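Student: Structure below; questions to follow.
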């Protein structure tokens, strides 16, 4: 009896990691989203950068993050420690914000964004692995949904703070916002130090395979990586959404507010989407999310009036809620615990590398043909990814309802439909 009580207390303490890391992400996203929607405005306005430069900056920054996600996830598997890498990542991102304020040319913004995204690269895969280790597999969808909801709540607050500061300092005075964004970033990093590592057997420490090895992964995970590459080919940086809003006639403040609408929907639907994936299956939710993305990008390609930005940003929030946390939960289901950090890192690395390709391509299409081409291409690749996932994912696990793990098990048993 006492052993059971002790075990339950340990599980409860670990489950507290999910809420704690949610608050960490909340503060970090307040910091990041105070600056993210105004960076393209800062680049295209005071710094005079062309659209392709926006794509290059975001693409290189995200690709840097992706390489580090791959290594940090693998390394956290190797040493079986997640918290130090998570803390270092959030701290690095915090100190990068004031560096943007000092920029006098767009290559300096590139350097600051690389520093910021390097922090994200260090923390993301170890953090997601720690979330998966802190809850029963049957509740992975709920756990990642809650985390993404709290993360995106910060993405609601951040732009609202930016709007208030823009009103205070003047619509074109962006530098004070970059400086103030340092404060919530530091608060989030400090909270990481309260997170708990799960107990691990000594033999687990050397169990991680070579970093780039795909041997031994479930076929369904490898298929999902391929689908992810196809989808991400047209999923250029969200900075292009802000530029499209401006292109359709919204002012700087209205464009940032539209981004807030997107994050409100994202925050509101992340937890319900995660719970839904526990019940009906992750793959079905992911296919629907890709289809929503295709519809939104298709509408952005043909939009002609500023009013269209508002409903499109709202529906875009539904897409990210249906895919972001659900994809992480899906991978956690498919991969054994000792490889989760590496698998999540590999997934995020692929996304980030493809952001570089997609963002440079999207910027080139914008400059050479027009914004319609950028969004039409994204709609096409997303629709193709939805169809491929629907066809090839016939043996994907269906979350808690279709794949209940045995008590104490760390993953769902493989089973077909």
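We did not get these values from a lab; they are worked out from the coordinates using the rules stated. This structure is a prediction, so every number in the text was calculated from the model and none was measured. Cβ sites come from the backbone with ideal geometry, for glycine too, and all protein chains shown count toward neighbours.
Student: Post the alpha-carbon centroid distance, region 17-56 to region 58-130, in whole angstrom.
Tutor: 13
Student: By its C-alpha gyration tensor, with a ≥ b ≥ c as the square roots of the eigenvalues, how is region 295-374 shaped: rounded for a/c under 1.5, else prolate for a/b larger than b/c, else oblate?
Tutor: oblate
Student: Report, in deg cm²/dmol and to the nearest 500, the calculated mean residue ellipticity at 222 nm for the chain, where each DSSP H run with n ≥ 4 adds -39500 (n - 2.57) and the sum is divided by the residue count.
Tutor: That comes out to -26000 deg cm²/dmol.
Student: Could you work out the relative contact order of region 230-380, using alpha carbon pairs under 8 angstrom and six or more residues apart, expressed as a whole percent?
Tutor: Relative contact order comes out at 39 percent.
Student: Per 0.36 nm of contour for each residue apart, how much would the distance between residue 183 and residue 307 grow if the chain were fully extended, relative to their Cα-Cα spacing?
Tutor: 41.2 nm
Student: Obtain the nm distance between the two label points defined at residue 95 and residue 15 by a simple spin-label model: each point lies 7 Å from its Cα along the Cα-to-C-beta direction.
Tutor: Simple spin-label model gives 3.8 nm for this pair.
Student: Mind checking the angle between helix 340-368 and the chain's longest principal axis? C-alpha axes, 0 to 90 degrees, to the nearest 10.
Tutor: The two axes meet at around 20 degrees.
Student: May I pose another question? Could you work out the relative contact order of the chain? I mean the mean sequence separation of Cα pairs under 8 Å and 6+ apart, divided by the number of residues, in percent.
Tutor: 28
Student: Let me ask you something else. Taking log10 I(q)/I(0) by the Debye sum over Cα atoms at q = 0.08, 0.10 Å⁻¹ straight from the coordinates, which label in (1) -0.90, -1.06; (2) -0.80, -0.96; (3) -0.40, -0.63 is the correct one?
Tutor: Only one option fits the structure, namely (3).
Student: So how tilted is helix 106-133 from the main axis of the chain? Cα-based, degrees 0 to 90, rounded to 10.
Tutor: Once rounded, one gets 20 degrees.
Student: At a Förster distance of 41 Å, what's the computed FRET efficiency of residue 167 paired with residue 387, Cβ-Cβ distance as r, to 0.05?
Tutor: 0.35
Student: Is region 111-268 best put as rounded, prolate or oblate by its Cα gyration tensor, with a ≥ b ≥ c the root eigenvalues, rounded for a/c under 1.5, and otherwise prolate when a/b is larger than b/c, oblate when not?
Tutor: prolate
Student: How far, in degrees from 0 to 90, does helix 182-192 lean away from the longest principal axis of the Cα atoms of the chain, to the nearest 10?
Tutor: 0
Student: Rounded if a/c is under 1.5, else prolate if a/b beats b/c, else oblate: with a ≥ b ≥ c from the C-alpha gyration tensor eigenvalues square-rooted, which is region 66-185?
Tutor: In terms of gyration-tensor shape, oblate.
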